[in-house]
1. Amide H to amide H, which residues 5 or more places from Gly109 or on other chains are under 5 Å from it, using H placed in the peptide plane?
2. Beyond 18 Å, how much of the Cα-Cα pair distribution for segment 225-278 remains, as a whole percent?
3. With label points built 7 Å along Cα→Cβ from the Cα atoms of Gln84 and Asn218, find their separation and express it in nm.
4. Can you work out the base-10 log of I(q)/I(0) for segment 26-82 at q = 0.25, 0.29 1/Å, using the Debye formula on its C-alpha atoms alone?
5. Quote the convex hull volume per residue of segment 17-156, based on C-alpha atoms, as a whole number of Å³.
6. Spelling out what I want: for every residue of segment 224-232, take phi, set θ = phi - 60°, compute 6.51 cos²θ - 1.76 cosθ + 1.60 (Karplus), and round to whole Hz; glycine and proline get x.
7. I need the phi-derived Karplus couplings for segment 244-249: 6.51 cos²θ - 1.76 cosθ + 1.60, θ = phi - 60°, integer Hz, Gly and Pro marked x.
Amino acid sequence: MKSKNILITGMLMLLPSAILAQQHIQQAFDVLRNSSIKEVSSRHSVEKDPDSGTMEGLEDTYDFELTDNRDKRLIDDIRKAFEQDEAHAYSVSTGSNGNSEDYVSLAVGDSNKGGVAIGLIKDSKWIYACFLDPSDSLRQHRYAYALEWVENGNKIRGRIAKTYATTLKFRQEKKQSRTITVNGSNFAFGSFFSDSDTKPSETWLSEFNTYKNHFLKNTEGAAANSYATQIYKLCKNAKSLEDVEKNIVTTEIVKLKKKTKDEFIQQLFDMSIERLKK
């Protein structure tokens, strides 16, 4: 038995520290996904550098529903796993009373376009943790893990998510101005306006039209989620728009909603319309 323990210890020492840093969370996630609970939806995407094959972005999102009281232990096990791996994380955050006014978006890849939303389920509780990728000597990439859940009688509705992206610090330092390519031409916008600033209506409408057109090319998956999130962020601050402009935008958002079957994206569009009414 002693030699067996030594062998196992030696094998663990050879495992990448990226796995060891958040091993309890990953194991708890795997147990939940391999159980007999009801899967509501799931999304998985990977972004790689086309030349080197190095992973640049990842999204692994799993929405579920628990209907057996005995399965509630799966949530408790994940929460305990976060506590066990907390010492290795550079950022840990918890929250409750999830709603459309207060949620976080876990980035995917090298992007400020949104990502996986955590905290949108009404009356939910959530926790997420970020871990640096030890294989990145520049300390520019991280793994993020999140759990969100809400109890309703004997049922628990929830989401677990894992993403890989550049760190928020790196993205903030890199983002001096934003440039997009449309029909082969580069356009810079938002250079002098943060998301909390009031943009001139011309700038606002230009950004909305850009995100709208990109969404129409990618109506499902991580890309669609990113563009829908950006549209929602715009609609949260539409003070510069006149009523007639808001009506035009609302009409366009209704059209966008009909183009996707993703319930979360549809909810984002509904909230965007509500924001435009304020």
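Rule-based calculations on the coordinates, nothing more; no lab input. The shown structure was predicted, so the numbers you read here are calculated from the model rather than taken from an experiment. All Cβ positions, glycine included, derive from the backbone under ideal geometry; neighbour counts span all protein chains shown.
1. Excluding prolines and chain starts, which carry no amide H, the hits are Leu58, Tyr164, Ala165, Thr166.
2. Pairs farther apart than 18 Å: 22 percent.
3. 3.5 nm
4. -1.02, -1.19
5. Details: hull volume 16.8 nm³, N = 140.
Convex hull of Cα atoms, per residue: 120 Å³.
6. For segment 224-232, the Karplus curve yields 4, 4, 5, 5, 5, 5, 5, 4, 5 Hz.
7. Couplings: 5, 5, 5, 5, 5, 5 Hz.
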